[in-house]
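Undergrad: Quick one: this structure, given as structure tokens, is what I'll be asking you about.
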Amino acid sequence: MNSLKIAALTCFVFTLASMASAAGSGSGKFGETAPDFPPGAFTDGGQYSVSDFRGKVLVLYFGCPVCPRNRGSIPERNKIVEQFKGKPVKFLAITPAEMEECKGYTTSTKLEMPCFADGLGVMQQRYGTQISLSNIWQFRVIDANGVVVAYDMSADAITKALANVKWTYKDDGYDPRLANIVEMLEWNQYVPAMTALKPYLKQRSKTADSAHALFEKVKRTVGEGWATEADAATADDKPKAADLYTKLAACFPDDALGKHAADALKKLKTDKSVMNELAARRMYAQLYTVMSKATPQQKTDVITFCNSISTRYPESPTGQKAAALAKELEGGK
């Protein structure tokens, strides 16, 4: 008997338990700030943070890739995704499997959302669930403030979360040629968006006029806030200041705002705390590939690597984050 037939029988046995669990009664996360993704990757090659979706709605779908009942429900999930196209909501899937299995799952079921490879179960642990043949799916609806507001991937739950949620840029009437840039800005992808906007600022056309208006709005509503926050952070949180100045320099390179940031960044990069943080990040970045491919049998190796980062850079924010991740992985054994 093949694995899918075995899975089908098991799913039948646990149907009632699964349905009860899907109601979300045991999660304990309702009304709380939604935890972020651990290091890893999605089947579309992206790397997302929950904070990328602040100001919009995010729907998470945890699903068992080997359960026929869950796989058979994918058309129903896709209908919801289609229903909300053009609305300020994103759908992301989380699967308890390494990347290659995730890709096979999304391709064979035609799932219409990027899928996060959660082979080590960190994302499930953060959301108080464990996807299995006795718990074949779970959902989390996260509102514009980053708070979990529903455990139901239904039109009613999503519509309620979308109440009073508006686009930040799409309704301002920018030139259609800037549509892709506006889309990136809506989802807080500021650096690639502003980089793509730069060539339009050098033109003389109606599109250029629209581009300048968009540039000024981003500068006024986002850039100036980053600058104020960065200047304040230079006294007691230099790595944070360096992060903000880096974004400013990348987004506004020819503006006084970006030039000030570039000058400040040169000084900060010679600071030992910033140097250690950048070095720790270079090590930590390897986890995005490693964890997306890791299996439970490799968890100990991942823990060891996390501890090596925290041992080498114990005072850095990333070193401390690596230590916390190691403890989290140990707790999920």
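Read-outs: derived from the displayed coordinates by stated rules, not from any lab. Keep in mind the model is a prediction, meaning the values are calculated, not measured. Cβ coordinates were reconstructed from backbone atoms using ideal geometry, including for glycine residues, and neighbour counts include every protein chain displayed.
Undergrad: Going 7 Å from the Cα of Asp209 along its beta-carbon direction, which residues of region 142-186 have the amide nitrogen within less than 17 Å of the resulting point?
TA: 172-178
Undergrad: Moving on to the next point. Please compare each pair in Lys266/Lys321; Lys79/Lys170; Lys272/Lys327; Lys170/Lys206; Lys90/Lys202 to a cut-off of 29 Å on the Cα-Cα distance and tell me which ones are over it.
TA: Where the Cα-Cα span goes over 29 Å, the pairs concerned are Lys90/Lys202.
Undergrad: Please get the size of the charge dipole for region 170-270, origin at its Cα centre, with Cβ charges of +1 on Lys and Arg and -1 on Asp and Glu, quoted in debye to the nearest 20.
TA: 420
Undergrad: With all pairs of different alpha carbon atoms counted, what Kirkwood hydrodynamic radius in Å does the chain show?
TA: 21.9
Undergrad: Still on this structure, I have one more. Quote the charge dipole size of the chain about the Cα centre in Debye, to the nearest 20; the model charges only the Cβ of Lys and Arg (+1) and of Asp and Glu (-1).
TA: So the magnitude is around 420 debye.
Undergrad: Compare the peptides 129-138, 209-218 by average per-residue count of other Cβ atoms within 10 angstrom and give them in order, highest first. Mind showing how you got there, number by number?
TA: On the way: 129-138: 21.2, 209-218: 17.3.
Descending packing order for the listed peptides: 129-138, 209-218.
Undergrad: Right, something else. Translational diffusion coefficient, Stokes-Einstein: compute it for region 290-333 using the Kirkwood radius over C-alpha pairs as Rh, at 20 °C and 1.002 mPa s, and state it as an integer in µm² s⁻¹. Don't jump to the answer; show the numbers that get you there.
TA: Details: Rh = 10.4 Å.
Stokes-Einstein gives a translational diffusion coefficient of 206 µm²/s.
Undergrad: Ok, one more. Let me have the relative contact order for region 152-254, percent, based on Cα pairs under 8 Å that are six or more residues apart. Don't skip to the end; give the middle numbers.
TA: On the way: 68 pairs, mean separation 21.6, N = 103.
Value for region 152-254: 21 percent.
Undergrad: Pairwise over distinct Cα atoms, reciprocal of the mean inverse distance: report the Kirkwood radius of region 106-265 in Å, one decimal place. It would help to have the intermediate numbers written out before the result.
TA: Values: mean 1/r = 0.0527 Å⁻¹.
About 19.0 Å, per the Kirkwood formula over Cα pairs.
Undergrad: Another question about this same structure. Filter the cross-link list Lys198/Lys219; Lys85/Lys160; Lys198/Lys267 down to pairs whose alpha-carbon distance in this structure exceeds 20 Å. Don't jump to the answer; show the numbers that get you there.
TA: Numbers: Lys198/Lys219 13 Å; Lys85/Lys160 16 Å; Lys198/Lys267 26 Å.
Correct reply: Lys198/Lys267.
Undergrad: If you bin every alpha carbon distance in region 170-270 into 5 Å steps from zero, what whole percent lands in each bin?
TA: Histogram of Cα-Cα distances, whole percents per bin: 2, 14, 24, 22, 16, 11, 7, 4, 1, 0.
Undergrad: Another question, if that's okay. What is the log10 of I(q)/I(0) for region 202-333, computed with the Debye formula using one identical point scatterer on each Cα and no solvent, at q = 0.10, 0.12 Å⁻¹?
TA: -0.48, -0.63
Undergrad: Over the chain, what is the mean sequence separation of C-alpha contacts under 8 Å (at least six apart), divided by residue count, expressed as relative contact order in percent?
TA: 18
Undergrad: Once both labels are modelled 7 Å past Cα along the beta-carbon direction, what's the Leu278-Asp231 spacing in nm?
TA: 2.4
Undergrad: Apply the Debye scattering formula to region 72-201, with a single equal point scatterer on each alpha-carbon and no solvent, then give log10 I(q)/I(0) at q = 0.13, 0.14, 0.21 Å⁻¹.
TA: Treating every Cα as an identical point scatterer, log10 I(q)/I(0) equals -0.69, -0.79, -1.31.
Undergrad: Something else now. With only Lys, Arg, Asp and Glu charged, each at its Cβ (+1 for the first two, -1 for the last two), find how big the charge dipole of region 274-331 is about the Cα centre; round to the nearest 20 debye.
TA: Working: 7 positive and 5 negative charges, 29 e Å.
That gives a dipole near 140 debye.
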